[in-house]
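Only the coordinates and a few stated rules stand behind these numbers; no lab work does. If you're wondering where the values come from, they're calculated on a predicted model, not measured in any experiment. So basically every Cβ, Gly included, is an ideal-geometry build from the backbone, and we count neighbours across all protein chains shown.
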Amino acid sequence: MSAVGVVAAAGSGSRLGADRPKALVPLAGRPLVAWSVLTLLDGGVDEVVVTVPAGERDAFAAVLPAGVRLVDGGTTRTASVRAGLAAAGDGADAVLVHDAARPLTPPAVVTRVLAALAAGARAVVPVLPVVDTTVVVDADGVVTDAVPRAPLRRVQTPQGFDRATLVAAYAALADGVELTDDAAVVRAAGVPVTTVAGDERAAKVTVPHDLHLAELQVPGLQAAR
Ligand code: CTP
Ligand code: MG
């Protein structure tokens, strides 16, 4: 089975508030997007396409391995992944869509996703349990209900798909509909989505505190590699 990675890296990172697009922000001296691309390659993906913010191609090319293809993203994540998928072509059996904003995802997560696809899954996402008590509140912030958390999962990336299934699901998604991840796109097309174990280290860098936590994890990770 051959697999292409599509890295969504075209966001601005408004909540992080850095002086450059989030994917180019350094973590232990290496831009987030470079960490994410290397994780996919280390985990067994054959080639990678990165969606970049308009006008940033040269800056991204300078920090990524040769052979990684770059394509302009869109104004939403959904539009960016559409562009990345189109650029990925039809050569691979599988597609793994990954957020540049999850730089410390261990390659073992990639390997688990690939293994599930090789075993016949059409769509697979890495997930973690919800450990906090989870409640519903009303408009005033008053708790109205508690949600049984045993069946709840937090969904991470990379999310893996049979390539033709994901392409067909994006083609069937009406223009202008924005979903927060790719599994939601295939679920909207009626495709079952299976799960594998995610990893806390695959946490998304969203706000400055997340980047600080990621910095603290790097020494241990490098020792483990
Ligand atoms: N993304 C993308 N194209 C967009 C928006 C987001 O490729 N138009 C990517 C981001 O680069 C990121 C991933 O989708 O790797 C997850 O999005 P998020 O964490 O929300 O990143 P940003 O949109 O960049 O951040 P913010 O929402 O704070 O502006
Ligand atoms: Mg965003």
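Taking other Cβ within 10 Å of each residue's Cβ, how do Val68, Val142 sort, fewest first? Intermediate values should be presented prior to the final figure.
Values: Val68 21, Val142 9.
Fewest-to-most ranking of Val68, Val142: Val142, Val68.
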Worksheet item: Sequence-distant or interchain residues sharing an amide H contact under 5 Å with Arg154, placed H: which?
Response: Leu128, Val130
Practice prompt. Assign unit charges at the C-beta atoms only (+1 for Lys and Arg, -1 for Asp and Glu), then state the dipole size of the chain relative to its Cα centre in Debye, rounded to the nearest 20.
Written response: 320 debye
Worksheet item: So what is the orientation-averaged projected area of region 140-225, using the convex hull of its C-alpha atoms, in nm²?
Response: 9.7 nm²
Practice prompt. Arrange His212, His98 by Cβ neighbour counts within 10 Å, fewest through most, would you?
Written response: His212, His98
Worksheet item: Out of Pro26, Gly220, Val177, whose Cα points farthest toward the positive end of the dipole of the chain (charges: +1 Lys, Arg; -1 Asp, Glu; placed on Cβ)?
Response: Gly220
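How much FRET efficiency would the formula 1/(1 + (r/R0)^6) give for Arg30 and Ala146, where r is the Cβ-Cβ distance and R0 is 45 Å, rounded to 0.05?
Numbers: r = 42 Å, r/R0 = 0.93.
About 0.60, to the nearest 0.05.
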Item to complete: Answer with one residue from Thr78, Val68, Val205: the one whose Cα lies farthest towards the positive end of the charge dipole of the chain, charges on Cβ with Lys, Arg +1 and Asp, Glu -1.
Response: Val68
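Against the 2.2 N^0.38 Å scaling, with N counting residues, where does the chain land? I'd like the Cα-based Rg ratio to two decimal places. Don't skip to the answer; put the middle values down first.
Values: Rg = 17.3 Å, N = 225, 2.2 N^0.38 = 17.2 Å.
For the chain, the normalised Cα radius of gyration comes out at 1.01.
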Worksheet item: Among the DSSP beta bridges whose two residues both lie in the chain, what percent are antiparallel, rounded to the nearest 5?
Response: 45 percent
Item to complete: Give me the number: length gained by fully extending Thr111 to Asp138, i.e. 0.36 nm times residue separation minus the C-alpha to C-alpha distance, one decimal in nm.
Response: 5.6 nm
Practice prompt. Name the residues whose placed amide hydrogens come within less than 5 Å of the amide hydrogen of Val7, ignoring near sequence neighbours (fewer than 5 apart) on the same chain.
Written response: Val49, Val50, Thr51, His98
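Counting only Cα atoms, I'd like the Rg/Rh figure for region 6-81, Kirkwood definition for Rh. Walk me through the intermediate numbers first.
Working: Rg = 11.6 Å, Rh = 12.4 Å.
Across region 6-81, the Cα-based Rg/Rh ratio is 0.94.
Grab the beta carbon distance between Thr180 and Ala62, set R0 = 30 Å, and tell me the FRET efficiency rounded to 0.05.
Working: r = 30 Å, r/R0 = 0.99.
Step by step, r from the Cβ atoms, then E = 0.50.
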